[in-house]
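The values are calculated or read from the model by the stated rules, or taken from the named source; none is laboratory data. If you're wondering where the values come from, they're calculated on a predicted model, not measured in any experiment. A quick note on method: Cβ atoms are made from the backbone with ideal geometry, for glycine too, and the neighbour counts reach across all protein chains shown. These accessible areas exclude ligands, DNA and RNA; they are computed on the full protein's heavy atoms, side chains included. Shrake-Rupley method; radii C 1.70, N 1.55, O 1.52, S 1.80 Å.
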Amino acid sequence: MTEHARFGKSQVRVEDQRFLTGQGRYIDDVNRPKQKHAAFVRSPHAHARVVTMDVSAARALPGVALIVTGAEWAARGFGPLPCRSPSKVNRDGTPFKEPTRHCLASDTVRYVGEPVAMVVAGTADEARRAADAVIVEYAELASVTDRAAALGDDAAQLWPEVPNNLCLDFEQGNRAAVEAAMATAKHVVRLDMGNNRLTAVPMEPRGAIADFDAATGQYTLVNCSQNIHANRDLMASMLKIDKAKLHHLAPDIGGGFGAKNSVYSEPVVMLYAASKVGCPIKWIADRTEAFLSDTHGRDQQSTVTLALDEHGKFLALHVDTVGNVGAACGTMGPFTPTGGTARTTGSVYAIPAILYTSKAVFTNTVQTDPYRGAGRPEAVFHVERIVEFAARTLGIDPVALRRQNLIKTEQLPYKTAVGLEIDCGDFPAVMERVLAMSDRPGYAARVATSRAKGLRRGFAVTPYLETSGGAPHEEARLAFRADGTVVLSVGTHSTGMGHETALAQIAADTLGIDLTRIRFVQADTDATSIGGGHGGSRGIEVGGSAVLKVARMVIEKARGIAAHLLNSHVDDITFKAGVLSDTKTGQSVALDAVIAAAGDTSRLPQDMSAGALDTTAKFERETYTVPNGAHACEVEVDPETGVIAVDKFWCVDDFGSVINPMLADGQVMGGIVQGLGQALLEEVVYDPQTGQLLTASLLEYALPRADHVPRMEIAFFEGAPTKRNPLGAKGSGEAGCCGATPVIVNAVLDALHEYGVRHIEMPLTSEKVWSAITGASA
Amino acid sequence: MDTFTFKRAASVAEAVAAATAGVDAKFLAGGQTLLPVMKQGLAAPSDLVSLARVAAMQGIGVNGGMISIGAMMRHADVAAHGEIKALLPALSVLAGGIADPHVRNRGTIGGSLANNDPAADYPAAVLGLGATVVTDRRRIAADDFFQGMFTTALEAGELITRVEFPVPERAGYIKFPHPASRYALVGVMASKSAQGVRVAVTGAGACVFRATALEQALAKSFTPGALDGVAVGADDLTSDRAGSASYRAHLITVLAKRAVARALEVRS
Amino acid sequence: MTELSMTVNGVVRRAAAAPTVLLSTFLRESLKLTGTHVGCDTSQCGACTVIVDGRSIKSCTMLAVEADGAAITTIEGVAKSDGTLHPVQEAFRAHHALQCGFCTPGMVMASVALLAHTPNPTDAQVRHGLEGNMCRCTGYQNIVDAVLAASQSMKGA
Ligand SMILES: Cc1cc2nc3c(=O)[nH]c(=O)nc-3n(C[C@H](O)[C@H](O)[C@H](O)COP(=O)(O)OP(=O)(O)OC[C@H]3O[C@@H](n4cnc5c(N)ncnc54)[C@H](O)[C@@H]3O)c2cc1C
Ligand code: FES
Ligand code: FES
C-alpha cells in the first residue's frame, strides 16, 4: 500500500453523551420480562474431592426454579471449556497437557471459587440464599498455589495425567548460540525477578442474560464479554448446538482489559438452564465473585541472563520462566507465559542470540489468561530490569548502555533472534525525545530539593516495544438508510476505547459525511458474520482498516452510480469532499444524491438494484504491527518509611499514524496507571497454606487511585507509519503498561542506589523498600 | 441482607428503649461500618434503630477549654468546623483523613468509637487527647473506654451521645494509610497539655493504645528529637500482609516524630 | 414494606421498599434510574455516588428508608431539563475524562459535590477529593483536568 489515509483529529466522543447522562446500557441495566436470576455455588476449598452434594434443602426454598449440579452437567455430556493456546508443543515435540475442565466441577474442585452448581430462582436474593443452602461435602486435598513450588516433586498434584503440574515446557530461540555466547562473554549478569499476579478489575463486574425461544430453538445471550463472535462459536460447540442458533451480543461494557475475553462457565450453564426453565436468566457477579472467578494475569517467575562484551555490547539474552496458568487451561491456556512472552523478548535491542525457555504450570488458583499486554509487558520488564542491573553491576551509565544497544534505524527492517519482524520505527529518536522532554538539566536541582526534605529522588528511562495482537481478520459493513443514517457495523469491540467515535470517524471522513449521521453497531453476531472482538490493541489497526476498506468500496460503487446518473464514464468520475464529479464535463453529483438513488432500482445501472451501496468488507492483516516508545519517570522515596511517590512521568509513543490523539492519549494514560499498579500496589495473593484468596475485595487488593498518579506528559512520534495496514496505525491499547512498570521500578532502584539496594520484587510496597534499605545498610 | 425492623428514634430515651426492646437490636448511625458488615452477612440484627433524628446527638459546642461533639456528627462536619480548625487542628486533620468524602458525609464519631475498629482513626484522637465519652447513662474516660479489638466499655444498649475533647496546648496526628483500604496501617496522635503528654497509636495493634515509652521521652522534651533512638516493642503488634509487626513498630516512632513536628508547627 | 417519598432530580417520587433495600437498589430498580452503578460490595469504588441533601454519599451504603424525605440528585438529574449538560459533564466530554463510562456517573457526582464546597480546587485537592472514586480506564489525569476546567467555566456562570 502506498498512500496512508490521515485522520488525526481529536474528535470528542459521540458515546460520551449517553455515558455522561446515565443513559449507558450496561449488562445490569438490561432486563427481560419474566426473567429469573442465577447464583453459583462455588468451592470454598483450594483443592478437594466433592464427596456428596445435597440440593434438597435449597430446592425447597422460595422461588427456586432449577438447580444444575456438576454431576448433572457431566451427565448431559456437554463439551469442556476449550483452550485455544497458539503455543501447544513442548520443546521435545510432544503436545502440551490440556486437562478437561467442565463448566461445573463434579468430582474434584481445584481452586477457591470454582463453580460446582448453579441455582435459578425468582430474585437474585432468593437465588443467593438457595445457593448458600446447597450442602456440599468436600474431602480436602493438599494444595499448591505458588508457581515455583508447583513443579516440585512433593507438591500437590492437580491432575493425575499431568506430572509435576507441568502444562507446557516451552522453548523458542537459539539455544546453541546463546549457550556459546554465555560461555565466552566477558560479562554475564543474571537476575531473578517476578511478575506479580494481577487481576484486571474492570469497574463493571461480569454478568449475562441468557434466553431461549422454544418455538424456534434460538438461544440469545446478552453478555458482558469482549469476544462475541469467537466465544459464540466456542459456546455453541460446548452446548452442541449449531452456532447459527446462538445469537450473542454485548451491551455497553464497563471495561475489560482482558478479563472479559475468555469463555467463562457461567453464561454457558445459564444458556442450558434457560432452555430448561423457559424464561430468561440473569446473573451479575458481585465484586467478591469477580475477584474469585475473573481470570488473573501475569504471575511469572523468571531468571534473566544477559551476556555483554567488554564494551558493553549485548551478545546474548536468556529468559527462563515459570508461569502460573491456574488450575486448568483458560481460553488462551499456557500461551501468555510461553509464546506470548517469547515473541517480544529482547525488545528494542540488537541482541544477536536470544533464548526463551518457560514452564507453564498448573496450581490451585483461578485460570490466568491475557491481561492487558499478555506477555509483552513481562518481556519488556525482563530486558529492562536486566539492562539496568547490568549497567549498575558494570558501572556503566544506564542511559548510555541502552543507547549503545538499541536497534538502529538503518538496521530496519530487523528480524529479532526470536523471529519478530520489526518493519519500521526509530528507537533512538524516540528515546532521545523522551530524554529531551524530561528536563535532564534541571534534574540535579530536583535531587537536591528532595534530599533537603529527607527524600531520595531517582530517574529512569526505558524504551519498550510490543506487538499488537488479537485475531487478524475483521469485518465492517456500511448500510444506508432512507432517513440519511449510515449504519456502520463492525466485528471489533470497544469496551471504553472509543471506537464508536474513532471507527465512525474513519468512515465519516472517507465518505465526507458528518459524523453524527453514523449509527454504530458492534459486538453482535447478527450484525457482522465474523468479528475479532477486543484484544491485542487490534481495534483501530484491524477494525479501522476494515472500515477504511468498506468505505473505499462504497466510494467505488458510488462512482459507478454517479457515472450512470451523469451519463459519464466511470473512469472520469472522481470523489472529493462528498462530491462525485466528472473531470471531463465538470458535472457533479453529491454523494447524498447517489445514496438516495441507490435506494431506487430504477435510477441505478442495470447490474445494480436497490440497496446497492450497502457493502461488507473483510480485512485481514498480513502480520502484526510493532508499536514502541520510551517512558521516563522520576520518583521520590522516603527512606524512613519506604513510601514511594511517582513524581513525574514522560512518554513518547510510536503508534504510527494516530487516528484520534485524544483517544490514544487516554489509552496510554490508562495503561501507564495499570503499569504503576503492577509496580507499586497490586498483587493477587493466595494463602500458601490454605490456598484461600486473601485479596478478594477492594479492601485488600490495592487499585491505583487519583492521588497515586503523577501528571503524565505524552507525545507521539509519527515519523514511522507502518505499511502493514492502510491506516499506518500500530495498536495503542497496551503500550502504557509495557513501559510504565519497568521504568518505575528502575527509577526507585536508582533512588536507592546509594543504599546498595539492587533489586526489589514487585509490588514495591513501602515495607519492602524499607526492609531493603535497612537490610542493605545493616 | 437479612430482614430487620427499622425504627427511627426521636430522642436518646427512645433510642435506648428501642434498642433494649429488640432481641438483637443495633443502633444505626452513619451505617458506614454496619451496612457493609450486614451486606456481607456478618451481622444480622433484629432491629435497626436509626439515630439520625436524635437532636441531643447533634451539634458541636465549644465552651472554654472543651469541645463537645454530638455523637451523630459526621466526619465531614468535624473536619470542616471552623472553631475546631482553630483550636484543635489535629482533630480536623484526623476527621478529614478518614476514608473518602462520601464516607465522611455519612460516618459519625459515635459510630466509629462504638465500633472501635483496630485501624480506625477516631480512637487515636479520643485516647491521644484524653477525651471523655458521654453516654445516655455515664461519662467514660478515654483510658477506660477502649478495651480490645472491636470491644469497648459500652454496655448492651448503651448509647454514646457526645464526646468531649479538652483543648491541649499542642497536638498533631499523622496517619499512614493501608494501601488498599486506606484505614490506618498506623496512626499516631501526640499531644501535650497541662495534664501531660499523650501518644496514642491506632492501626498497629488489636486496639488503640498509648505508647508509654514515647510519652516518657516526650514528657522530658516535646520535640521530635526527643524520640531519637526510642523504639517501640513489636511483640504485641499486628503482623499482616500490609505490614509486619517490626515495620509497624518502626513506623510508630517515625510517625510520632512527625506528629510532634506537626504539633509544633501549628498552635493547637 | 414502607412507602417512601423523596425528591429525586427535582421530582417527587414515591415507591414502597423493604427496610433492607439499599438506596442504590431503590434508585436502580424501583425508580429505574440505572445511571447509578454498583461496582463493588465493600463500599470502596464510588460508582454509586449520588448527592443526598447536598452531600455526596455512596448509595450502596445507605438504606433507602434513611433517604425518606430527602432531596436526591443522580447522574440523570445533573444536566438541565432542556438537555444542556452541566459544566462538569461538558468538561468530562471535552477532556476525554471517561472511557468505558462505568465509573463516570459516580465521578461526575463526586466532582459536582467537590466543586460545590471547593470552587477553586488545586490539582492535589481534586485528587484527594476523588479518593472515594475508582477508575480503571483513564488513569485519572483527564478526570482531574476536567474538574479543574469545570471549576473555571463555572465561575463565569
Ligand atoms: C470505604 C470506607 C472507608 C473507611 N475508612 C476509614 C478510615 O480510614 N478510618 C476510619 O476511622 N474509619 C473508616 N471507615 C469507617 C467509618 O469511619 C465509619 O463511619 C465508622 O467507623 C462507623 O461510623 P458510622 O456512623 O458509620 O456507624 P455505623 O456503621 O452506623 O455503626 C457502627 C457500630 O456502632 C454502633 N453505634 C453507632 N452509633 C452509636 C452510638 N452513638 N452509640 C453506641 N453505639 C453506636 C452501631 O450499632 C454499630 O454497631 C471507612 C468506612 C468505609 C465504608
Ligand atoms: S458500589 Fe462500590 S462504593 Fe458503592
Ligand atoms: S471510565 Fe472506565 S472505569 Fe472509569
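Overview of values
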| read-out | value |
| --- | --- |
| Shielding of B:93-102 by partner chains, average beta-carbon count, 10 Å | 6 |
| Given charges at Cβ of Lys, Arg, Asp, Glu: the protein assembly as shown dipole, positive-most of A:PRO413, A:THR100, C:GLY46 | C:GLY46 |
| Relative contact order (percent, whole number), the range C:87-154, Cα cutoff 8 Å, 6+ residue spacing | 53 percent |
| Whether chain A is rounded, prolate or oblate, judged on the alpha carbon gyration tensor where a/c under 1.5 counts as rounded | oblate |
| Threshold 50 Å², the range C:1-25 residues less accessible with all protein chains present than alone (1.4 Å probe) | C:PRO19, C:THR20 |
| B:ILE160 accessible area, assembled protein chains, probe 1.4 Å, Å² | 10 Å² |
| Relative contact order (percent, whole number), the range A:470-620, Cα cutoff 8 Å, 6+ residue spacing | 30 percent |
| HN-Hα J in Hz across the range C:126-139 - Karplus 6.51, -1.76, 1.60, θ = phi - 60°, x for Gly and Pro | 5, 4, 5, x, 9, 4, x, 10, 9, 9, 9, 9, 8, x |
| Estimated buried accessible area (total), pair B and C, 1.4 Å, Å² to nearest 100 | 2300 Å² |
| Percent antiparallel among DSSP beta bridges (both partners in chain A, rounded to 5) | 75 percent |
| Antiparallel %, DSSP beta bridges [both residues in the range B:1-69], to 5 | 35 percent |
| Shielding by partners, peptide A:84-94 (average Cβ within 10 angstrom, other chains) | 0 |
| Alpha carbon centroid spacing (whole Å) that separates the range A:717-778 from the range C:137-154 | 27 Å |
| Kyte-Doolittle at least 0.5, axis length at least 24 Å by Cα - qualifying DSSP helices, chain A | A:545-566, A:735-751 |
| Peptide-level mean, for A:763-771, of C-beta atoms on other protein chains within 10 Å | 4 |
| Gain on full stretching of the segment that runs from A:THR516 to A:LYS186 - 0.36 nm per residue minus C-alpha separation | 112.5 nm |
| When the range A:470-620 is reduced to its Cα atoms, the Kirkwood hydrodynamic radius in Å | 15.6 Å |
| Portion, in percent, of the accessible area of the protein assembly as shown that falls on carbon or sulfur, probe 1.4 Å | 52 percent |
| Net charge, A:GLY297 excluded, C-beta distance under 9 Å - Lys, Arg +1, Asp, Glu -1 | +1 |
| Whole-Hz ³J(HN,Hα) from phi, Karplus 6.51 cos²θ - 1.76 cosθ + 1.60, for the range C:39-53, glycine and proline x | x, 7, 10, 10, 6, 9, 7, x, 4, 9, 4, 9, 10, 10, 6 |
| Cα centre as origin, Lys/Arg/Asp/Glu Cβ charges: the protein assembly as shown dipole, Debye | 1180 debye |
| Hits among lysines - C-alpha to C-alpha of A:LYS576 under 21 Å, sequence gap 8 or more where chains match | A:LYS9, A:LYS549, A:LYS557, A:LYS584 |
| For the range A:470-620, with +1 on Lys and Arg beta carbons and -1 on Asp and Glu, the positive-most of A:HIS473, A:SER588, A:VAL490 along the dipole | A:SER588 |
| Förster radius 30 Å - calculated FRET efficiency between A:ARG711 and A:HIS311, Cβ distance, rounded to 0.05 | 0.20 |
| Among A:HIS45, C:SER151, A:VAL668 the positive-end extreme of the charge dipole of the protein assembly as shown (Cβ point charges) | C:SER151 |
| Assigned charges on the beta-carbon of Lys, Arg, Asp, Glu; the range A:677-778 dipole about Cα centre (debye) | 460 debye |
| Around B:ALA245: net Lys/Arg minus Asp/Glu count, Cβ-Cβ under 13 Å | -2 |
| Span from the the range A:115-129 Cα centroid across to the the range C:13-28 one, whole angstrom | 22 Å |
| Label-point separation, C:ASP68 to A:THR449 (7 Å along Cα→Cβ), nm | 5.7 nm |
| Only Lys, Arg (+1) and Asp, Glu (-1) charged, at Cβ; chain C dipole about Cα centre in debye | 160 debye |
| Chain A - Cys residues lacking any other Cys C-beta under 4.7 Å | A:CYS103, A:CYS167, A:CYS224, A:CYS279, A:CYS424, A:CYS633, A:CYS651, A:CYS737, A:CYS738 |
| Label point distance in nm, B:ARG53-A:ASN567, each placed 7 Å from Cα along Cα→Cβ | 8.6 nm |
| Degrees separating the helix B:12-21 axis from the principal Cα axis of chain B, which is the longest one | 70 degrees |
| Estimated FRET transfer efficiency (C:ASN120, A:LYS245; beta-carbon r; R0 60 Å; 0.05) | 0.50 |
| Theoretical gain in end-to-end length, A:ALA436 to A:ALA590 [0.36 nm per residue, Cα-Cα removed] | 50.6 nm |
| Shape of the range B:1-53, Cα gyration tensor, a/c cut at 1.5 | oblate |
| Residue-averaged [θ]222 nm for chain A, counting only DSSP H segments that reach four residues, each worth -39500 (n - 2.57) | -8000 deg cm²/dmol |
| Long-range tail of P(r) for chain C (Cα pairs > 28 Å, %) | 18 percent |
| Three-way shape call for the range B:170-265 based on the alpha-carbon gyration tensor, with the a/c threshold at 1.5 | prolate |
| Which listed pairs, of A:LYS260/A:LYS723; A:LYS453/A:LYS768; A:LYS97/A:LYS260; A:LYS245/C:LYS32; C:LYS32/C:LYS155, have C-alpha distances above 26 Å, in listed order | A:LYS260/A:LYS723; A:LYS245/C:LYS32; C:LYS32/C:LYS155 |
| Heavy-atom SASA rank of B:LYS175, C:LYS58 (probe 1.4 Å, accessible area, largest first) | B:LYS175, C:LYS58 |
| Accessible solvent surface per residue of chain A, calculated while the other protein chains remain in place, 1.4 angstrom probe, Å² | 33 Å² |
| In order through the range A:211-224: 3J(HN,Hα) via Karplus (6.51 cos²θ - 1.76 cosθ + 1.60), integer Hz, x for Gly, Pro | 9, 9, 9, 5, 5, 9, x, 8, 9, 10, 10, 8, 9, 7 |
| Peptides ranked, highest mean first, by Cβ atoms within 10 Å: ranges A:638-649, A:571-582 | A:638-649, A:571-582 |
| Sequence of A:ASP299, A:ASP125, A:ASP132 from largest to smallest accessible area, 1.4 Å probe | A:ASP132, A:ASP125, A:ASP299 |
| Buried solvent-accessible surface, both chains (A, C), 1.4 Å probe, Å² to nearest 100 | 4000 Å² |
